[in-house]
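Undergrad: The structure's right below; bear with me while I get my questions together.
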Amino acid sequence: MADDFEGTLFVTIYAAHGLPDMDDGIGAGASDPYVTLLVNDEEKCRTDVVKNSMEPGYELVTSCCGHFVF
C-alpha cells in the first residue's frame, strides 16, 4: 500500500560507487555518469556529468514541493 505525502521533499546526492564501465570503443575504461532525479515520473533535477569516473562525487542538494506517493 502506497503512502501519500504533501509537502517538501529534500534530497541530497553525494556520490556513486562501483559503477560499471558503460563507455566502449577507443579510450574506453571509465564512464561519464550523472544522476537524474524523477519524482512522480517527472524530472526534477539532473547532476552534472562527471567525465571518466567510476566513483563520481556530486554533493547536490535540492528540494521540490508537491504531492508525493511512496
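The values are calculated or read from the model by the stated rules, or taken from the named source; none is laboratory data. Keep in mind the model is a prediction, meaning the values are calculated, not measured. Positions of Cβ are generated from backbone atoms using ideal geometry, with glycine treated the same way; all protein chains shown enter the neighbour counts. These accessible areas exclude ligands, DNA and RNA; they are computed on the full protein's heavy atoms, side chains included. Shrake-Rupley method; radii C 1.70, N 1.55, O 1.52, S 1.80 Å.
Undergrad: Pairs under 8 Å by beta carbon, first residue closer than 28 Å to residue 52 by Cα in region 1-16, partner among the aromatic types (Phe, Trp, Tyr) and open to solvent by less than 100 Å² (accessible area, probe 1.4 Å), six or more apart or different chains?
TA: Hits for this filter: 13/58; 14/58; 15/58; 16/58.
Undergrad: Tell me which strands (runs of 3 or more DSSP E) are completely within region 1-54 and hold 1 or more residues being open to solvent by 50 Å² or more (accessible area, probe 1.4 Å), under 22 Å from residue 70 (Cβ atoms) and at pLDDT below 85, or say none if there are none.
TA: In region 1-54, 4-15 are the strands (runs of 3 or more DSSP E) which contain 1 or more residues that are open to solvent by 50 Å² or more (accessible area, probe 1.4 Å), under 22 Å from residue 70 (Cβ atoms) and at pLDDT below 85.
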